[in-house]
Amino acid sequence: MYQLRNADLVLPDRVVTGGILRTERSEISGIDEPVQQGMQDVDLTDHWVVPGFVDLHVHGGGGHSYTTGDQDEARKVVEFHRRHGTTSSFASTVTADLDELARIVGSLAELVQDGLVAGIHLEGPFISEDRCGAHDPALLRAPDAASIDALLAAGRDTVRMVTIAAELPGGIDAVRRLTGQGVIAALGHTNATYDQAIAAIEAGVTVGTHLFNGMRPINHREGGPVTALLERDTVTVELINDGHHLSAETVELVLRTVGPERIALITDAMSAAGAGDGMYRLGPLDVQVRDGVAIIPETGSLAGSTLTMDAAFRRSVQVNGLSMVHAALAAATTPARVLGAGDRTGALSVGRLADLVVLDRDLHVVAVMVQGAWVPGTARSFG
């Protein structure tokens, strides 16, 4: 049982200055109540407490990757991102041969069942060759029912989101097939027209995979998928706010258009996150990281990112001018709702899991708590 005192608590609708947050076992048991005796007391003067970050789209980090299906590697990815404040996340794959992808999904499924990750996100192979980015075009395929069913079966109910280019043959039927089985259909890596994107949304798409990146751009004569995703209020849009994938003014345009309630900050991180410059692998492809920017050398395409959620949160406040409340919405509350855990995590609220991040005044991570326990390597001064 912990009693966090004198912190600035970022609640869903306000900041409580110098407040008290209590945890018991795995949950938040009290907020802004009188000091209670008999608890482990932690003085957090001059610190913020925000909800644990929720990342809907991450491939790796700390030199390790989800995309191999190696469970030890996957655990190290989780450990790395937890130290940067991510308390819940999907494990994202990349395009691979269907049998290989089924093997990877089957292996990662065990980590979902163990509660280490919140679900599996399939990014590819059902995406557009014209907008494939860091995916091997030779391995792409149309989203036929048999392929979808094979991957969902391999995942044993752990595949929670699939990115799809709905303009492909069978794309709209695939959206319906996925959503009919309780899987989030995300529109991304797509060359869809505006009308095709609207049809996909009406069929059940509720997420835009890394908005702007990997999709037909807005044209003054044809709005494309970006316009469709922004204008429909049933859609949450992912943003990679690292200063490379999107300019500051583009992020701010989206914020003014849809607000933080419909934005999910993501990392799209690959194994190079936190591991420095050099050569890496993302699925079957070689990736070069230079000055923290990951690219496919042959094409110059961005290949995921080296971003962490704390850095995305910090940039949203310090560069884009989001309030702490709104940044917490975009980094935690909104993505938690998308992954179906909005009643259990994603906000500092009594009865929710004690998933939280302690930040210093410059918004750097000091400590991370997951379900009431401090993450190893954080909270050194008071854990």
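The values are calculated or read from the model by the stated rules, or taken from the named source; none is laboratory data. Here the structure is a predicted model, which means the values were calculated and not measured. So basically every Cβ, Gly included, is an ideal-geometry build from the backbone, and we count neighbours across all protein chains shown.
Results, tabulated for the structure shown:
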| item | result |
| --- | --- |
| Residue, nearest to the chain's Cα centre (by Cα), within the range 44-85, restricted to residues that are part of a loop (DSSP other than H, G, I, E, B) and among the aliphatic types (A, V, I, L, M) | Leu56 |
| Test result for Arg314, charged (D, E, K, R), closer than 19 Å to His84 by Cα and surrounded by fewer than 23 Cβ atoms within 10 Å (Cβ to Cβ) | yes |
| In the range 249-266, the residues that are touching a residue at least 60 places away in the same chain (Cβ under 8 Å), assigned to a helix (DSSP H, G or I) and over 14 Å from Val317 (Cβ atoms) | Glu261, Arg262 |
| Residue in the range 117-135 that is outside the structural domain of Val357 (by TED's automatic domain parsing), within 20 Å of Ile184 (Cβ to Cβ), of a type outside the set (A, V, I, L, M, F, W, C) and touching a helix residue (DSSP H, G or I) at 6+ places or on another chain (Cβ under 6 Å) present | yes |
| Test result for Gln40, surrounded by fewer than 18 Cβ atoms within 10 Å (Cβ to Cβ) and at pLDDT below 95 | yes |
| Residue in the range 139-148 that is in a helix (DSSP H, G or I), in contact (Cβ under 8 Å) with a residue 60 or more places away in the chain and assigned by TED's automatic domain parsing to the domain that holds Leu329 present | yes |
| Candidates Thr179, Thr190, filtered to the one that is assigned by TED's automatic domain parsing to the domain that holds Ser89, crowded, with 22+ Cβ neighbours inside 10 Å and of a type in the set (S, T, N, Q) | Thr190 |
| Selection count where residues are within 22 Å of Gly30 (Cα to Cα) and surrounded by fewer than 20 Cβ atoms within 10 Å (Cβ to Cβ), scope the range 338-351 | 7 |
| Condition broken by Asp41, with the remaining ones in (1) more than 19 Å from Met369 (Cβ to Cβ); (2) outside any loop (DSSP other than H, G, I, E, B); (3) without any contact (Cβ under 8 Å) to a residue 40 or more places away in the chain satisfied | (1) |
| Positions within the range 343-369 being β-branched (Val, Ile, Thr) and part of a strand (DSSP E or B), in sequence order | Val357, Val358, Val365, Val366, Val368 |
| Check on Arg281, in contact with a Ser or Thr (Cβ under 6 Å, 6 or more places away or on another chain), of a type in the set (Lys, Arg), under 29 Å from Arg83 (Cβ atoms) and assigned by TED's automatic domain parsing to the domain that holds Ile295 | no |
| Candidates Val358, Val287 - the one that is among the β-branched types (Val, Ile, Thr) and modelled with pLDDT of 95 or more | Val358 |
| Residues being in contact with a Ser or Thr (Cβ under 9 Å, 6 or more places away or on another chain), under 20 Å from Ala303 (Cα atoms) and surrounded by fewer than 23 Cβ atoms within 10 Å (Cβ to Cβ) - total across the range 238-265 | 3 |
| Failed criterion for Asp291 (all others in (1) under 30 Å from Thr68 (Cα atoms); (2) crowded, with 22+ Cβ neighbours inside 10 Å; (3) in the same structural domain as Val159 (by TED's automatic domain parsing) hold) | (2) |
| Subset tally (residues that are crowded, with 24+ Cβ neighbours inside 10 Å, of a type in the set (Val, Ile, Thr) and either without any contact (Cβ under 8 Å) to a residue 60 or more places away in the chain or closer than 21 Å to Ala341 by Cα (or both)) for the range 55-76 | 1 |
| Pro297 buried (at least 18 other Cβ atoms within 10 Å of the Cβ) and more than 22 Å from Phe80 (Cα to Cα) | no |
| Residue list for the range 354-364, filter: surrounded by fewer than 23 Cβ atoms within 10 Å (Cβ to Cβ) and touching an Asp or Glu at 6+ places or on another chain (Cβ under 9 Å) | Asp360, Arg361, Leu363, His364 |
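Quick grid of which residues meet (1) at positive phi; (2) buried (at least 16 other Cβ atoms within 10 Å of the Cβ); (3) among the charged types (D, E, K, R); (4) touching a strand residue (DSSP E or B) at 6+ places or on another chain (Cβ under 7 Å):
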| position | (1), (2), (3), (4) |
| --- | --- |
| Ile127 | no, yes, no, yes |
| Arg131 | no, yes, yes, yes |
| Ile148 | no, yes, no, no |
| Leu152 | no, yes, no, yes |
| Gly155 | no, yes, no, yes |
| Val162 | no, yes, no, yes |
| Glu167 | no, yes, yes, yes |
| Asp173 | no, no, yes, no |
